[in-house]
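The next block holds one structure in the form of structure tokens; read it before the comments.
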Amino acid sequence: MSARDETYKHIHRVQTLLGIVSDEFRMRAQNHDKSKLESPEAEVFEEYTGKLAGCTYGSDEYKGYLEAMKPALDHHYANNSHHPEFYGYYAECNGCFKRFEQDFIGPCDECGYTQFQLRPNIGGMSLFDLLEMLVDWKAATERHNDGNLANSIEQNQKRFGYSDETKGFLTNTAREMGFL
């Protein structure tokens, strides 16, 4: 077989594999957030969707609404893998940022610090989950009166504890998709 034939074979194989990737995204698009249409989520989202649209993402008012929605959000996160909370939580040392199991009781063996923050485990996510999450964030910013995807990516880095590298992937992808 010639090099040209091998190249065509390789191109065809990549096209086939990208088709599988496309099929996964089509399935995710069809099923995205369907749990919001059923109890216990439907009633809560009916009450709070408009309220959330009128407040600034990350504000005290926003956080208060999330707290009031907690039972529905816990159900939503547990049933939708595009949310980091789907993959559980870890404890992060506030002193040196070392990660520990969720139920870890300090002090930190690295720096001796005794205060920890519980964070959703974004590291459990796949690239499919991350891209669906990014698209979800974009759509959510469009529902807020003052929504801004770049600000969401920045604020969510603090919320979820993802690296500057992951923030770069999200920002670059959003820019490439025309979201920024």
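Any read-out appearing in this document is the output of simple, stated calculations on the displayed coordinates, not a laboratory observation. Remember, predicted model here, so these are calculated numbers, not experimental data. Neighbour counts run over all protein chains shown; Cβ positions are idealised from the backbone, glycine included.
Taking the Cα centroid of the stretch 107-145 and of the stretch 56-79, what is the distance between the two, rounded to the nearest whole Å?
Comparing the Cα centres of the stretch 107-145 and the stretch 56-79, I get a distance of 14 Å.
Beyond a 23 Å Cα-Cα separation, which of these cross-linked pairs lie in this structure: Lys51/Lys167; Lys36/Lys138; Lys138/Lys167? Don't skip to the end; give the middle numbers.
Numbers: Lys51/Lys167 28 Å; Lys36/Lys138 18 Å; Lys138/Lys167 15 Å.
The pairs that break the limit, which is 23 Å between Cα atoms, are Lys51/Lys167.
With the crude spin-label approximation of a point 7 Å out along Cα→Cβ, what separation in nm comes out for Tyr62 versus Met177?
According to this spin-label approximation, the distance is 1.8 nm.
Multiplying the sequence separation of Glu165 and Phe100 by 0.36 nm and subtracting their Cα-Cα distance, what value in nm do you get? Spell out each step's value before the answer.
Working: separation 65, 0.36 × 65 = 23.40 nm, distance 2.10 nm.
Contour length minus the Cα-Cα distance gives 21.3 nm.
As a test of the formula, what do you get for the chain when each DSSP H run with n ≥ 4 contributes -39,500 (n - 2.57) and the sum is divided by the residue count, at 222 nm and rounded to the nearest 500 deg cm²/dmol? Please list the in-between numbers first.
Values: 7 runs with 102 residues, N = 180.
When only DSSP H runs of four or more count, the value is -18500 deg cm²/dmol.
Distance in nm between label sites at His10 and Lys70, each 7 Å beyond Cα in the beta-carbon direction?
Output for this residue pair reads 5.5 nm.
From the Cα trace of the chain, what convex hull volume per residue do you get, rounded to a whole Å³?
Details: hull volume 29.1 nm³, N = 180.
Normalising the Cα hull of the chain by residue number yields 162 Å³.
Connecting C-alpha atoms closer than 10 Å in a GNM of the chain, tell me which of Glu67, Glu132, Glu41 has the biggest fluctuation.
Taking springs between Cα atoms under 10 Å, the residue moving most is Glu67.
When the Kirkwood radius is taken over all Cα pairs of the stretch 87-142, what Stokes-Einstein diffusion coefficient follows at 10 °C and 1.306 mPa s, in µm²/s?
Values: Rh = 12.8 Å.
This corresponds to a translational diffusion coefficient of 125 µm²/s.
Could you size up the charge dipole of the stretch 126-180 around its Cα centre, putting +1 on the beta carbon of Lys and Arg and -1 on that of Asp and Glu, and report it in debye to the nearest 20? Mind dumping the intermediate values first?
Values: 6 positive and 9 negative charges, 25 e Å.
The dipole magnitude comes to about 120 debye.
When only Cα pairs under 8 Å and 6 or more residues apart are kept, what is the percent relative contact order across the chain?
Numbers: 178 pairs, mean separation 30.7, N = 180.
Across the chain, relative contact order equals 17 percent.
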